[in-house]
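Structure first, then comments.
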């Protein structure tokens, strides 16, 4: 309702000030039209992303990853447990943890295959066993969308004016201005979320000095059942069930992913302005003028949003339309071409009191059409 009322007031004042009355002759009218360009308009983005809202995470080897975590199945470091590693195991036997057994801290229920994940050190009398966790993500970035850029557009401007009074070299005119600016296209890109995929490897080291280097089955050992770790006849050698040390290590990045959000913003601007024009006849062929205006600005926006992350794509498209009050000031010069015609150039600044906010997906695009305006005109006095 406020926009309609404002437009109505502008139209009424225009009729009173600009349109002819019996008090003025045809020579009091003038009209000009020409190209105009407008720059320094702003577009900015804020908000979140679908990747964050929907909890989508990285893909590794075709599988969605969970949070980076230590491997399962190795129990606590300082308690009796059945522990399974990538190339070995240390489990409890019937006497482990039993105070009535010969040695409750040991077990014969263990085995390994030597290699990358099971390493025997004869000098240190230790057996190191690795358990490698599943690929998991860690968050590198988790923030809000941000981005700001300038917009530039071109179009045309038409002004119709009428002389209100004249004194010597000074004159006062009433003016109605129409300006249309198109081609205000912009591409904004931002990222709000990122992950890194890694693995955690836990190395448990066992003290196997009780077996002795001469008797340790360095080429592999199967303690309790036939399987991939070879065979061993009883009596089985025993080792502690609890590891001597435990050390976790995180791998280098297996994959790194950031979401990519792009906005194609297209804006058109239509301005209806009204104001006085103060003129000064600097020379017979040159007239200078200054024109303050109040305006109604129609902002028409079309926005397409594209987001990609971890093999998923989200598309949104929306439009926005709003009317905003503006004020401006323009200065220029007109050169007389004869027979009532003239050529003019002008430049100034238009300030729009409120920006236009358009919701698109989890984001808000804010458009501020305030900016400088430059035009060149061909006009005629009637």
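The values are calculated or read from the model by the stated rules, or taken from the named source; none is laboratory data. Quick caveat: nothing in here was measured; it's all calculated off a predicted structure. Every residue, glycine as well, gets a Cβ built from its backbone with ideal geometry; the counts of neighbours run over all protein chains shown.
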**Item:** Every residue from the range 39-52 that is over 14 Å from residue 186 (Cα atoms) and part of a strand (DSSP E or B)
**Value:** 46, 47
**Residues that are closer than 14 Å to residue 85 by Cα and at pLDDT below 60, drawn from the range 228-247** = 228, 229
**Asked** Looking only at the range 71-97, which residues are buried (at least 18 other Cβ atoms within 10 Å of the Cβ) and within 15 Å of residue 200 (Cβ to Cβ)?
**Response** 71, 74, 85
**Asked** Can you name every residue in the range 187-205 that is surrounded by fewer than 21 Cβ atoms within 10 Å (Cβ to Cβ) and over 25 Å from residue 142 (Cα atoms)?
**Response** 201, 202, 203, 205
**Message:** Among the residues in the range 101-117, are any touching a strand residue (DSSP E or B) at 6+ places or on another chain (Cβ under 8 Å), more than 30 Å from residue 314 (Cα to Cα), at pLDDT 95 or above and outside any loop (DSSP other than H, G, I, E, B)?
**Reply:** no
**Item:** Test result for residue 51, loosely packed, with under 15 Cβ neighbours inside 10 Å, modelled with pLDDT of 95 or more and either touching a strand residue (DSSP E or B) at 6+ places or on another chain (Cβ under 9 Å) or closer than 30 Å to residue 364 by Cα (or both)
**Value:** no
**Fill in**
Exactly one of 183, 194 is free of Cβ contacts under 8 Å to residues at least 40 places away in the same chain and within 30 Å of residue 50 (Cα to Cα), and that one is 183
**Request:** Could you tell me whether residue 140 is surrounded by 14 or more Cβ atoms within 10 Å (Cβ to Cβ) and in contact (Cβ under 8 Å) with a residue 60 or more places away in the chain?
**Result:** no
**Count of residues meeting criterion [modelled with pLDDT of 95 or more, in a strand (DSSP E or B) and under 30 Å from residue 64 (Cβ atoms)] in the range 118-147** = 11
**Item:** Selection status of residue 113, surrounded by fewer than 20 Cβ atoms within 10 Å (Cβ to Cβ) and not assigned by TED's automatic domain parsing to the domain that holds residue 338
**Value:** yes
